[in-house]
Amino acid sequence: MLENFFSKSRKRASAPPGLRIYAIGDIHGCRAELNALTARIEADAADAEARNGVRAQLVFLGDYVDRGPDVKGVIDALLTIKTRRPDTVFLKGNHEAAMLDFLDHPEDLPDWLDWGGRETMLSYAPSAAAAAGPDNRKAAAALEAAIPAPHMAFFRSLKLYHEAEDYLFVHAGVRPGRPLAEQEEQDLLWIRSSFHNARPPLRPGRVVVHGHQPYDRPVDAGWRIGIDTGVYYSGMLSAVALEGARRWFISAKA
């Protein structure tokens, strides 16, 4: 696998046979927009499954928490999707990583509150937000106590990446020139410009589908596809559908 991670020539990328993949970008606590988009996806998937006999799979690219008004509701909705579609893939975003770091080491990460963590606290436990201050240990303890066990298990189980035929799904991107097995979590969750501007010889052989970097509309750069459309400020949540060698975007507003 490693020797094929980088490629000098690129054929048209293809999804696994008989599978239609829907990859969904950063949700950030926007449940209404998530409901609107997944309704469109389910209608599209039902039609494909009925007409073509293909199986649909959802891949979520992370950043479910922070910034938006209903983080708890988003996780409830995702767990419902997981029950209905057990093969759904949930990846970790940098905001889930920051939240877990805050819960585990609140004295070391006071800035999470300014990255959108306050909205997560307000969604789960308003008292936790009120307790936040120079010493965040009380706030972290109150937040952890307020997060339902299934939600915490969900956060702790998130994957760093997912592979499917010619596609690699990851929250932020990959470090150019580095084999997949040697990628560091920090890069997979946080990388931006060095990945976006990677020279062709250092780009991965798979097409990378990612979120993390907001755009006005989804971006297909050929070797990478960015589908974060900044839902918490734009009101638009986006996905890319992949079937065979075809790919197209689906977006929705609440």
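Read-outs throughout are calculated quantities, based only on the coordinates presented, and are distinct from any laboratory measurement. As the structure is a prediction and not an experimental result, all values here were calculated from the model. Heads up, the Cβs are rebuilt from the backbone with ideal geometry, glycines too, and the neighbour counts pull from every protein chain shown.
Extension gain for the segment HIS196 to ALA254, taken as residue separation times 0.36 nm less the Cα-Cα distance, is 17.9 nm to one decimal. Its relative contact order, with pairs defined as Cα atoms under 8 Å and 6+ residues apart, puts the range 51-161 at 30 percent. Fewest neighbouring Cβ atoms within 10 Å first, the residues LEU103, LEU61, LEU34, LEU160 line up as LEU160, LEU103, LEU34, LEU61.
The distance between label points at ASN52 and ALA141 comes to 5.5 nm (points 7 Å beyond Cα on the Cα→Cβ vector). Using the alpha-carbon positions of the chain, Rg (one decimal) and Dmax (whole number) come out as 18.2, 58 Å. Of the DSSP H helices in the chain, those that are both long (alpha-carbon extent of 18 Å or more along the helix axis) and hydrophobic (Kyte-Doolittle mean at least -0.5) are 71-84. Cβ-to-Cβ counts within 10 Å put THR83, THR229, THR38 in ascending order as THR83, THR38, THR229, the fewest first. Legend: P(r) of the range 10-137 from all alpha carbon pair distances, 10 Å bins from 0, whole percents, reading 12, 37, 26, 16, 8, 1.
Per residue, the average separation of C-alpha pairs within less than 8 Å and at least 6 apart gives the chain a relative contact order of 28 percent. Lysine pair count for the chain (Cα-Cα distance under 29 Å; residues 8 or more apart in sequence or on different chains): 16. The ellipsoid equivalent to the alpha-carbon distribution of the range 74-176 has semi-axes of 28, 17, 10 angstrom, derived from the gyration tensor eigenvalues as √(5λ) and listed largest first.
What ranking of MET99, MET236 emerges when the number of other C-beta atoms within 10 Å of each C-beta is taken as an exposure proxy, fewest first? Fewest-to-most Cβ neighbours within 10 Å comes out as MET236, MET99. Over the alpha-carbon set of the range 108-254, divide Rg by the Kirkwood Rh and report the Rg/Rh ratio to two decimals. Rg/Rh for the range 108-254 comes to 1.03.
Using equal-weight Cα scatterers in the Debye expression, the normalised intensity of the range 136-212 in log10 at q = 0.14, 0.21, 0.23, 0.24 Å⁻¹ is -0.57, -0.90, -1.01, -1.07. Each label was represented as a point 7 Å from its Cα along the Cα-to-Cβ direction; for ARG246 and ASP216 these points are 2.8 nm apart.
Magnitude of the charge dipole for the chain, about its Cα centre and with charges confined to Cβ atoms of Lys, Arg (+1) and Asp, Glu (-1), is about 1040 debye.
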